[in-house]
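Below is one structure; the comments refer to it alone.
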Amino acid sequence: MSQSQLAIFVSTGMDVIKAKYMPTGDYVDLVNPHALRKWNAAYGQRPIVLFEAWLPIKARALKREIELKHFFWALNFMKTYQTEDNLARTLNTTPKTLRGKVKGIIKLMAPMIWTKVGYDCLHQGFNYDVHLSFNLVLMIFRFTISSGQMV
């Protein structure tokens, strides 16, 4: 993983929630603490964790015409529990498109539900072990159960 890939990933996520973003190399996630609060409020996990969750499904998602922004739509939908109409309005799309893309991402992520995704990096003298956290697994599991869509 390169810093430029992570920067593009974070920039896309920030664009979806209409937050200003300037990459900051001083932080592990390339996000300053203020931007990280906005990010966590929208998506529930640190950027590096979500980046590592995106990588295994990226190729299959793109084949199904599911873009990176749709990954962020699904995460935001699972995190905020807004109604489809409200979230679709916020994301400038239709409820039908939102529903289809969110469902597609959930289906791609569901097989990963118990998979640990890891990334070790040495940053400012500290070793970070990042993995698909319990909260993200729980969000995916809750969504699949509540929607009746066991995938």
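What follows is calculated from the coordinates using simple rules that are stated; it is not laboratory data. Keep in mind it's a predicted model, so treat the numbers as computed, not measured. Neighbour counts run over all protein chains shown; Cβ positions are idealised from the backbone, glycine included.
Just add up the charged neighbours of Lys63: K/R +1, D/E -1, any other residue whose Cβ is under 15 Å from the Cβ of Lys63. Show your work: numbers first, answer last.
On the way: positive: Lys58, Arg60, Arg64, Lys101, Lys107; negative: Glu65, Glu67.
Residues close to Lys63 contribute a combined charge of +3.
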Q | the stretch 22-112: C-alpha gyration tensor shape, a/c 1.5 cut-off, then a/b vs b/c | A | oblate
Q) Can you run phi through the Karplus equation (6.51, -1.76, 1.60; θ = phi - 60°) for the stretch 55-63 and list ³J(HN,Hα) in whole Hz, with x for Gly and Pro? A) 3, x, 9, 4, 4, 5, 5, 5, 5
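Can you check what the net charge comes to around Met14, using other residues whose Cβ is under 9 Å from the Cβ of Met14 (Lys, Arg +1; Asp, Glu -1)?
Neighbour charge sum, excluding Met14 itself: +2.
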Q: Going by C-beta contacts inside 10 Å, put Leu55, Leu91 in order with the fewest on the left.
A: Leu55, Leu91
